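Only one structure is covered here, and it is reproduced in the block below.
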Amino acid sequence: MAFDKMELRDIEVWDGNFAAAQAMRQAQIDVVAAYPITPSTPIVEGYAKFLADGYVEGEFVMVESEHAAMSGCIGAAAAGGRVATATSSQGFALMVETLYQSSGMRLPIVLNVVNRALAAPLNVNGDHSDMYLGRDSGWIQLDAYSPQEAYDLNFIAFRVSEDHDVRLPCMVHQDGFMTSHTAQGVKTLTDDVAYGFVGEYKPMNDMLDLDHPVTHGVQTEEDWHFEHKARQHNDLMTKVMPKIQEVFDDFEKLSGRKYNIVEGYDMDDADVAVVCMGTSVETAREVAGEMREKGIKAGVIGIRVFRPFPFMEMAEALKGIKAIAALDRSSPNGAPGMLFNELSGVLFSQKSDAALSGYVYGLGGRDLTKAHLVDLYNELQANADAGKVLTPLQQFIGVRGPKLSFL
Amino acid sequence: MENNGWNEFEIGAMLRSFDGAATDIATTHQEDRNYSSSNSFTASVADWRIEKPLFNKDYCIDCQFCWIYCPDMSIISRDKKMIGVDMDHCKGCGICVEVCPTNPKSLLMFAEQQNEEEALAAWPEKEEKEK
């Protein structure tokens, strides 16, 4: 079956969802098994339309739930196809059981996760609860802060995930509505260049290789299970980061767009830094620039690769910073925030005396405003001057009612 | 294989059926196939069985019913001649006995510890139909 190529302008005005759908078309995915959920629906809808219009050679499988969507992707990936899908929030939560299956079976599936809050109460807007829910599932997790990055990171995800040394599924995250439904200029790759970068799918242990029959999805008990999990963790810890760096480098050569495992902004001489993810990174960068005009040496660290967690890269990035804020956009529900905990581990292991404080913000799509970040940077500067955290270790930003802080 | 370290397995707990390529497998008898050590053919599950089928070739008409119905491919048949039961993989379900059409049956279930020669010697007589 032949397919048509699509003429794209050098810069198209796309939202994050359409950018991801275009990347899925250009990567020529063989199978998309999907179930719709706000705000990620336009991604798989977009792929389905490209397929129906003859722009892609593949299969779209309509299933009855997100659990079935990922199960279909697992079957297709085990059979030997290039496979992707998309989901959000409750759908992601329903998918969790199969997320562990796909990573444990070492199947290179790309999952676009348009981040959205988890009920109850029901909420369709963007926070990072679903992204955090997936963090122990054995997937690679990349985070896009804009439609451009959602587009680019899809190509990068396929390259990393399908590499035979890696063979681990990969999520590409973007913020619900703030990225997924906000149209911005996206610099495009031509169909040939994009496909050339992703490359022909190279099957490994595929079930359609009938001369080499294989069994996928086996049972192992206490005699073998530990070894397989150890192997998976080893590969996440040792093989994924070098491959991501290699693919980032290749992508920069191709497009001129540079991605980093840890995205530092104005960090070279910074005294204080905000560490965050998603669209908040761009807001924080703007505020950091304004704080510098007021004499505060402010920097921002965006996490591009969320899993595997860039422990040593973060240690390097935080070297010499006096006060650090970890911003978590997911309710920790009875603990310090995830980023606060991860950064605590990094700083403690490096015997750092930086003042680290945690903030919970933006739940259910609540805006993180520039005014919030100005206050936050001022608190960080006070911490830096004092050489210790002067506030409680965990504070809520932007919630109505009496000031909420703990620890 | 059971003592392999974490770095000695193929990734994803994927198991191969055969060592090397299996290009002409449909026309190759099981005993001539290059089964891998992770294939269930190389493992005995005889201890799953409580009762076992015994085969009496004197009454067999080689109809192949048992071969067709066996859910575990444990009936060994060559050139459409029934040879016996693969006792490493038979789980004693008794379906072969159930479908055997001869009178008396050519396959009957016995306790696992039953001596085969004694069983054959004491095989039931042909049942006369009631007029």
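The values are calculated or read from the model by the stated rules, or taken from the named source; none is laboratory data. Being a predicted model, the structure only gives us computed values, none of them experimental. As a convention, Cβ positions derive from the backbone with ideal geometry for all residues, glycine included, and neighbour counts pool all protein chains shown.
Descriptive notes on the structure:
- Some residue of the stretch A:146-158 being farther than 30 Å from B:PHE9 by Cβ and assigned to a loop (DSSP other than H, G, I, E, B): yes
- Flag for A:ASP143 being touching a residue at least 60 places away in the same chain (Cβ under 8 Å) and either farther than 23 Å from A:VAL31 by Cα or not polar (S, T, N, Q) (or both): yes
- Candidates A:GLY320, A:GLY278, filtered to the one that is on the phi > 0 side of the Ramachandran plot, out of contact with any Pro (no Cβ under 6 Å at 6 or more places or on another chain), surrounded by 22 or more Cβ atoms within 10 Å (Cβ to Cβ) and assigned by TED's automatic domain parsing to the domain that holds A:LEU356: A:GLY278
- Some residue of the stretch A:263-271 being of a type outside the set (Asp, Glu), touching a Lys or Arg at 6+ places or on another chain (Cβ under 9 Å), more than 15 Å from A:VAL374 (Cβ to Cβ) and surrounded by fewer than 23 Cβ atoms within 10 Å (Cβ to Cβ): yes
- Within the stretch B:51-131, helices (runs of 4 or more DSSP H) holding 3 or more residues that are under 24 Å from B:PHE41 (Cβ atoms): B:65-69, B:95-99
- Selection of strands (runs of 3 or more DSSP E) fully inside the stretch A:1-114 by the criterion of at least 2 residues being surrounded by fewer than 23 Cβ atoms within 10 Å (Cβ to Cβ), touching a Gly at 6+ places or on another chain (Cβ under 7 Å) and more than 14 Å from chain B (Cβ to nearest Cβ) returns A:11-14.
- Hey, B:VAL85 away from chain A (no Cβ under 14 Å), surrounded by fewer than 16 Cβ atoms within 10 Å (Cβ to Cβ), touching a residue at least 24 places away in the same chain (Cβ under 8 Å) and under 13 Å from the mean Cα position of the chain (by Cα) or not: no
- Filter pass, A:ALA325 being hydrophobic (A, V, I, L, M, F, W, C), modelled with pLDDT of 95 or more and within 19 Å of A:ASP127 (Cα to Cα): yes
- Among the residues of this structure, B:SER17 counts as one that is touching a helix residue (DSSP H, G or I) at 6+ places or on another chain (Cβ under 9 Å) and hydroxyl-bearing (Ser, Thr, Tyr).
- Among (1) more than 25 Å from A:LEU339 (Cβ to Cβ); (2) in contact (Cβ under 8 Å) with a residue 40 or more places away in the chain; (3) β-branched (Val, Ile, Thr) - the single one A:THR87 does not satisfy: (1)
- Residue count for the stretch A:137-190, restricted to those that are touching a Leu at 6+ places or on another chain (Cβ under 8 Å) and farther than 18 Å from A:PHE306 by Cα: 3
- Within the stretch A:218-238, the set of residues being at the interface with chain B (Cβ under 8 Å from one of its Cβ atoms), touching a residue at least 24 places away in the same chain (Cβ under 8 Å) and surrounded by fewer than 16 Cβ atoms within 10 Å (Cβ to Cβ) is empty.
- Scanning the stretch B:11-28 for residues that are loosely packed, with under 15 Cβ neighbours inside 10 Å and at the interface with chain A (Cβ under 7 Å from one of its Cβ atoms) yields a count of 2.
- Taken over the stretch A:155-198, the residue count meeting the criterion of being among the hydrophobic types (A, V, I, L, M, F, W, C) and either without any contact (Cβ under 8 Å) to a residue 24 or more places away in the chain or within 16 Å of A:ASP143 (Cα to Cα) (or both) is 10.
- Every pair of residues 6+ apart whose Cβ atoms lie under 9 Å, when the first sits in the stretch B:8-36 and is assigned to a helix (DSSP H, G or I) while the second is surrounded by fewer than 16 Cβ atoms within 10 Å (Cβ to Cβ) and among the polar types (S, T, N, Q): B:ALA13/A:GLN219; B:ALA13/A:THR220
- Reported count of residues in the stretch A:288-305, each being in contact with a Leu (Cβ under 7 Å, 6 or more places away or on another chain) and not charged (D, E, K, R), is 1.
- Residues (surrounded by 16 or more Cβ atoms within 10 Å (Cβ to Cβ) and either outside the structural domain of A:SER146 (by TED's automatic domain parsing) or in a loop (DSSP other than H, G, I, E, B) (or both)) located in the stretch A:188-202: A:THR188, A:LEU189, A:TYR201
- Any chance B:LYS57 is farther than 30 Å from A:MET237 by Cα, assigned by TED's automatic domain parsing to the domain that holds B:ASN115 and either surrounded by 13 or more Cβ atoms within 10 Å (Cβ to Cβ) or touching an Asp or Glu at 6+ places or on another chain (Cβ under 9 Å) (or both): no
- Of all residues making up the stretch B:36-56, the number that are touching a strand residue (DSSP E or B) at 6+ places or on another chain (Cβ under 7 Å) and away from every other protein chain (no Cβ under 14 Å): 5
- Any hit, the stretch A:306-322, residues being modelled with pLDDT of 95 or more, farther than 22 Å from A:ASP136 by Cβ and in contact with a strand residue (DSSP E or B) (Cβ under 6 Å, 6 or more places away or on another chain): yes
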